[in-house]
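In what follows, a structure is listed as structure tokens, so that the remarks can point back to it.
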Amino acid sequence: MKVKCYIQGMAAISPQQTFEGDITTAPFVQSDSNRLVCIEPDYKPYIPANSLRRMTRVLRMGLATALKCLSGSGVSTPGPIVTGTGKGSLQDTEKFIKEIEQYKETALNPTPFIQSTYNSVNGLIALQQNGTDYNNTFVHRGFSFENALVDSLMLLQEGATHTLTGSFEEMTPEHFYIKSRIGQWREQPVGNTHLFDASLPGTISGEGSAFFVLAAAPTPESKAAVTGIKLLYKPSLERLSAVLQELGADADLIISGANGDSNYSHYYELANQVLAAPTIPFKHLCGEYDTAGSFALWLAASLLHAGNIPADWFPMVKELPADFKKVVIYNHFFGEQHTVMVVERVSS
Amino acid sequence: MAERVFITGMGMVTAIGDNVAGNLQRLRQQKSGLGFTDYIDTIYKQILPVGEVKLDNTTLFRMAGIPVRAGFSRTTLLGLVAMREALQQAGISNLQEEPTGFINASTVGGMCDTEKVYFDLINPDKSGAFIESIHTLDCADCTQRIADTVGFTEHIATISTACSSSANALMFGARMIKAGMYQRMVCGGTEALTRFTLNGFNSLKNVDKQFCRPFDQQRTGLNLGEGAAYLVLESESFAKANNSTILAEFTGYCNANEAFHPTSPSPEGDGAYAAMKNALAMSGRTLEEVQYINVHGTATLNNDISEGRALERMFGTAVPPFSSTKPFTGHTLAAAGAIEAIYAVLAIRNGIIFPNLNFSERMEELQISPVTELQEEVIINNVISNSFGFGGNNASLVISKYEG
């Protein structure tokens with residue numbers, strides 16, 4: 001498969017001011033909590049009020065992000081819609097489980113069941129944008145968004161002019177508690193400002209939605225190009241090292257998924273050894289979640305498009321590179337799904 | 001020129017059989033697997049029929065060839081049973097000999113087990129072995145446990161597009177082969193009955209208290225089912241070099257969204273029509289060359305009108321023999337596309353058309369009726385298999401006789 005596509009537009013809702021703000025001027029949003037929460041926009045410009053009332057949080061986030069992405073991309077139809085989500089609408093899943101119990105399986109409202117279906121955001125985007133093309137949803141932890149990206153690259157190779165490719169994820173207080181029971185989060189509040197001060201078991205949780213319009217051919221509006229992607233399932237250190245060398249040897253900026261979790265930090269340490277380029281983290285901005293890779297792609301493309309790195313967002317990095325053309329993202333999700341993406345500047 | 005994609009192995013477990021041969025036998029006997037549940041804790045135990053696999057989890061562990069242990073949900077176990085058969089039938093004893101991807105499909109992951117312990121999981125006062133079930137909350141859990149048990153180490157993915165999930169898994173795998181990423185992929189889906197899903201569909205008022213009656217005027221809804229099915233897909237060049245037994249060719253597919261309503265299909269079947277039309281065009285076959293259609297045919301009021309109209313729009317007065325096999329298996333959601341793809345292969349290889357059970361009265365909206373008797377010694381070269389789902393997700397597959 002030929003890996004080359006152009007990011008024609010993008011949008012992100014995250015715990016940072018990414019939806020409205022400009023990366024070069026928006027301040028770094030600090031948090032003392034181990035659960036980073038999205039800054040949600042006013043949805044009214046994107047979603048009619050009567051629809052909005054029925055929709056739960058991650059549906060709103062996903063739909064609004066997709067619509068903003070489309071509106072800034074100069075395309076009239078969404079084309080194929082391909083997404084990834086690790087958990088879908090947790091809020092609806094939790095609600096329906098509880099209502100089954102509470103109402104003893106009788107007179108149930110079907111809405112939470114419908115909205116808990118993993119492809120419900122895709123269906124809403126298609127419905128609102130009359131998107132009758134290909135439509136697919138990947139639900140595989142740290143491979144969810146990246147599989148959507150692979151699917152999109154294949155669609156472009158098969159002849160699609162563009163795709164709408166994205167992710168959506170939420171973390172509920174209840175699910176945060178559940179995952180705390182297996183030690184996914186830090187025991188003591190560390191927040192995002194001190195995430196990398198010490199390497200200890202656990203990290204901080206996050207959430208977000210990011211969408212991209214990807215095109216087969218560049219235009220003057222192209223923000224960046226995706227030129228490489230590799231998914232590695234539970235790789236050996238040798239295999240990981242070889243792939244990082246293959247894709248990242250000539251990179252001039254590395255975006256690392258490091259999250260301060262000592263249980264799995266050896267992979268990021270290996271990446272630091274293998275890759276010579278300066279490295280910046282991103283999990284202090286968005287937290288850890290299944291589709292955090294999509295935030296990293298948004299970040300890489302935003303930095304390449306802006307041409308510089310806002311120092312305010314990376315207080316832990318002493319020296320930021322002034323010039324960079326090729327960015328390599330390396331991320332993994334609790335040591336299982338490892339992904340490498342290559343993002344390059346589009347010369348205009 | 002993209003490679004042709006062949007089906008070289010199949011494995012399955014459903015309410016009508018623990019393997020492919022068992023399913024074929026029950027289809028021939030015209031004997032449904034619908035009945036009442038032994039394993040779900042629900043007030044509808046004796047009210048809503050389901051297509052349950054009558055094997056308890058201990059038996060499934062044994063059939064999957066692994067010791068009983070925590071964390072393996074029924075979804076995973078059903079998947080493993082089907083996977084073992086698919087690999088064995090394809091003659092694959094070591095997945096490391098040829099890089100092989102695995103594309104799985106699931107609608108609610110391990111919910112069948114999660115829902116039993118969920119209130120303990122969220123209760124700080126409770127602790128115990130149920131903690132092992134935490135990971136079964138998502139859809140990737142079953143995929144990875146199946147992958148790790150049988151030895152997949154390459155590309156893995158899980159797809160969830162409601163009732164079309166495993167049709168999309170097959171499509172994604174075939175496209176990866178055509179894109180040259182892999183020579184061999186194993187694709188399909190697994191689904192276990194859950195109280196969550198049963199109540200979900202029941203709250204939508206589309207579950208029938210009787211055995212479901214697809215395409216019948218008196219139909220009132222679907223029956224849920226469970227099961228798993230996987231197909232081994234190989235590129236032509238690999239299958240030939242490997243001397244694989246080629247069971248059928250996967251000649252066409254299409255995924256199209258209807259953009260009509262979150263849960264209902266359009267009355268004119270726009271999405272179904274687009275999916276079938278484009279899939280057939282891709283296969284290079286004509287309308288006349290389709291000898292059988294395994295319809296989605298859930299027996300919900302809306303699906304059967306929509307799908308029936310799409311058939312009439314596409315084929316006019318010459319709609320080929322069609323039937324829904326859901327009265328045999330129940331609607332197995334994420335597994336349905338792969339289960340019915342295997343039925344398509346069985347139809348082609350055995351020259352049989354399966355009857356649409358429980359049909360007695362043609363729908364007033366349609367001019368067509370399904371096949372109601374088992375037809376044998378039929379020449380079947382091309383089958384269309386439909387899977388349509390929530391969110392307007394429509395998928396059609398074309399499976400063809402292998403002719404060299």
- Message: Between A:Ala277 and B:Gln217, how high is the FRET efficiency from 1/(1 + (r/R0)^6) when r is the Cβ-Cβ distance and R₀ = 56 Å? Nearest 0.05.
- Response: 0.25
- Hey, got the average number of other protein chain Cβ atoms within 10 angstrom for residues in A:176-189? 2
- Note on the structure: hull vol. (C-alpha, convex hull) per residue for chain B, Å³ -> 127 Å³
- Expressed in nanometres to one decimal, the distance between label points 7 Å along Cα→Cβ at B:Ile43 and B:Ala281 is 5.0 nm
- For the stretch A:127-199, what is the convex hull (Cα atoms) projected area averaged across all directions, in square nanometres? 8.0 nm²
- Message: Could you compute Rg(Cα) / (2.2 N^0.38 Å) for the stretch B:5-241, with N its residue count?
- Response: 1.04
- Task: Would you mind calculating the gained length between A:Arg181 and A:Glu238 on full extension (0.36 nm times residue separation, minus the Cα-Cα distance), in nm to one decimal?
- Result: 17.3 nm
- Filtering GluC sites (Glu not before Pro) in the stretch A:178-248 by DSSP loop and by at most 12 other Cβ atoms within 10 Å leaves A:Glu187
- Note on the structure: Per the 1/(1 + (r/R0)^6) rule, R0 = 56 Å and r from the Cβ atoms of B:Ala2 and A:Thr193, FRET efficiency to 0.05 is 0.65
- Length released on extending from B:Lys209 to B:Asn381, taking residue separation times 0.36 nm less the Cα-Cα span: 58.3 nm
- Message: Please check: in the Gaussian network model of chain A (C-alpha springs, under 10 Å), which one of A:Thr279, A:Thr165, A:Thr83 has the largest mean-square fluctuation.
- Response: A:Thr279
- So what's the gap between the Cα centers of the stretch A:83-141 and the stretch B:238-283, to the nearest angstrom? 24 Å
- Note on the structure: Computed over the stretch B:202-359, the distribution of all Cα-Cα distances in 10 Å bins, rounded to whole %, is 10, 36, 38, 13, 3, 0
- Give a residue-ordered list of calculated ³J(HN,Hα) values for the stretch B:45-62 (Karplus: 6.51 cos²θ - 1.76 cosθ + 1.60, θ = phi - 60°; whole Hz; x for Gly, Pro). 3, 9, 10, 9, x, 9, x, 9, 7, 7, 9, 6, 4, 4, 5, 5, 4, 5
- Item | Rule-of-thumb Rg ratio for the stretch B:1-131 [Cα; 2.2 N^0.38 Å; N residues] | 1.28
- Note on the structure: The computed P(r) of the stretch A:258-333 puts the percent of Cα pairs beyond 15 Å at 58 percent
- Query: For the stretch B:58-162, what value does the Rg/Rh ratio take when both radii are computed over Cα atoms and Rh is the Kirkwood radius, given to two decimals?
  - Reply: 1.01
- Query: HN-Hα J couplings of the stretch B:154-165 from phi, Karplus 6.51/-1.76/1.60, θ = phi - 60°, integer Hz, Gly and Pro as x?
  - Reply: 8, 4, 10, 7, 10, 10, 9, 10, 6, 6, 9, 4
- Query: Quick one: A:Arg186, B:Arg184, A:Arg57, fewest Cβ neighbours within 10 Å first, how do they rank?
  - Reply: A:Arg57, A:Arg186, B:Arg184
- For the stretch B:102-249, list log₁₀ I(q)/I(0) at each q in 0.09 Å⁻¹, using the Debye formula over Cα point scatterers of equal strength and ignoring solvent, two decimals each. -0.40
- Item | Inter-chain Cβ neighbour average for residues A:94-101, partner chain, 10 Å | 4
- Message: How much of the DSSP bridge set in the stretch B:254-400 is antiparallel, in percent, rounded to the nearest 5?
- Response: 70 percent
- Query: With each pseudo-label sitting 7 Å past Cα toward Cβ, what's the B:Gln29-B:Lys54 distance in nm, one decimal?
  - Reply: 0.9 nm
- Checking rank on B:83-93, A:127-137, with mean other Cβ inside 10 Å and highest first, the result is A:127-137, B:83-93
- Just the number, please: percent antiparallel of the DSSP beta bridges in chain B, rounded to the nearest 5. 70 percent
- Message: For peptide A:124-130, what's the mean number of Cβ atoms from other chains within 10 Å of each residue's Cβ?
- Response: 4
- Normalised per residue, the volume of the convex hull around the Cα set of the stretch B:289-404 (Å³): 106 Å³
- Query: What is the Rg over Rh value, at two decimals, for the stretch B:205-254, using alpha-carbon atoms and the Kirkwood definition of Rh?
  - Reply: 1.28
- Query: Ranked highest first by the average count of other Cβ atoms within 10 Å around their residues, in what order do B:30-42, B:324-336, B:297-309 fall?
  - Reply: B:324-336, B:297-309, B:30-42
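Rounded to the nearest 0.05, what FRET efficiency do A:Thr111 and B:Leu301 have when you use their Cβ-Cβ distance and R0 = 22 Å?
0.65
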- Message: If I stretch the segment between A:Ala49 and A:His305 completely, what's the gain in nm (0.36 nm per residue apart, minus their alpha carbon distance), one decimal?
- Response: 88.7 nm
- Just for the Cα atoms in the protein assembly as shown, what are the lengths along the principal axes, largest first, rounded to whole Å? 76, 60, 53
- Task: Looking at the protein assembly as shown, send over the antiparallel percent of its DSSP beta bridges, to the nearest 5.
- Result: 65 percent
- Item | For the stretch B:247-297, alpha-carbon Rg and Dmax in angstrom | 12.4, 38
- Task: Give the Cα extents of the stretch A:5-344 along the principal axes, in whole Å, largest first.
- Result: 60, 48, 38
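Every number in this text was worked out from the coordinates using simple rules, so none of it is lab data. Worth saying up front: this structure is predicted, and the values here are computed from it rather than measured. Virtual Cβ from ideal backbone geometry, glycine too; neighbours counted across all protein chains shown.
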